[in-house]
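Some notes on the structure that comes next.
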Amino acid sequence: MTESEIPPNDVDNDQDVISRVLAGDRESFALLIGRYSDPLYRHALGMTGSPDVAEDILQTSFIKAYHHLGEVRGRFDAWLFRIVANGCKDWLKNIRRTHLSYDEDDQPSGFASPDEDLDRTELRQDLDAALSQLAPSLREAFIMKHVEGRSYEEMADLLGTTVGALKMRVHRAREALQALLEEKYA
C-alpha cells in the first residue's frame, strides 16, 4: 500500500491503534479496517475475479488479523496484505476456474460503437481466460504491477521477496499471456 492510500492521521498510526485494540478497545480495530479495506479488496478482486469471493476473503482476513493481532511483527499493512494474499491463493488452489470476470461497470463506455464494445468485451474475456491459466504467483505479480500499479519495491515489501524475483514473475507472466493470446490475435 502506498502512503497516499493511507489517510493521513497524526495521532492514530497503526502501532498505536494495535496497542489500543490489544488493551481492550475493540472498536479501534475499525480504524484499521477503514485504512486497508479498499486496496486489499481491489487486490482480492483482481486475484479471484469475483466481488463476492473478494469480500469473503477480506472479511475472513480481517477476522484472522483481529484474532492474531498480538503476533504482528514489523509493518501491519504488509502483515495484513500477506493474510489476504494467502487467502486468495488458498481459494485459487481449491477452486479451479477456467474463466475470470471483472465487473464491466468498472470500464468507461465512452462513445464506442456496438462493434467496438463487442471487440473490447471479447478481448477482456480472452485476457481474463489467459490470466486464469497463469500460476497464482505469476497472476498475483502481474495484477499487482499492471492492474494495481504498484512499484516493484512495494510489491517486494508486501510479499516478502526480492525485487529481482518479482521482475522475473512479471516478465514470465507477460510472456505466458503473450503466448496464450498470440494464438488468437496473431
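Going by what's in this entry, would Glu140 be described as part of a helix (DSSP H, G or I), of a type in the set (D, E, K, R), surrounded by 13 or more Cβ atoms within 10 Å (Cβ to Cβ) and not assigned by TED's automatic domain parsing to the domain that holds Asp38? Against the criterion (part of a helix (DSSP H, G or I), of a type in the set (D, E, K, R), surrounded by 13 or more Cβ atoms within 10 Å (Cβ to Cβ) and not assigned by TED's automatic domain parsing to the domain that holds Asp38), Glu140 qualifies. In summary, Leu123 fulfils each of the numbered conditions (1) in contact (Cβ under 8 Å) with a residue 60 or more places away in the chain; (2) exposed (fewer than 15 other Cβ atoms within 10 Å of the Cβ) with the single exception of condition (1). Contact map, the stretch 22-41: residues that are under 21 Å from Arg82 (Cα atoms) paired with residues that are hydroxyl-bearing (Ser, Thr, Tyr) and outside any helix (DSSP H, G or I), Cβ distance under 9 Å, separation 6+ or inter-chain. Pairs shown: Pro39/Thr2.
Here are some residues: Val84, Val17. Which one is crowded, with 19+ Cβ neighbours inside 10 Å, touching a residue at least 24 places away in the same chain (Cβ under 8 Å) and part of a helix (DSSP H, G or I)? Going through Val84, Val17 in turn, the sole match is Val84.
The residues of the stretch 158-168 that are assigned to a helix (DSSP H, G or I) and either at pLDDT 90 or above or loosely packed, with under 15 Cβ neighbours inside 10 Å (or both), listed by number, are Val163, Gly164, Ala165, Leu166, Lys167, Met168. Selection within the stretch 42-81: residues that are outside any helix (DSSP H, G or I) and touching a residue at least 60 places away in the same chain (Cβ under 8 Å). The member of this set that is farthest from Ala129 (Cα to Cα) is Arg75.
The values are calculated or read from the model by the stated rules, or taken from the named source; none is laboratory data. These numbers were taken from a predicted model, which means no experiment stands behind them. Heads up, the Cβs are rebuilt from the backbone with ideal geometry, glycines too, and the neighbour counts pull from every protein chain shown.
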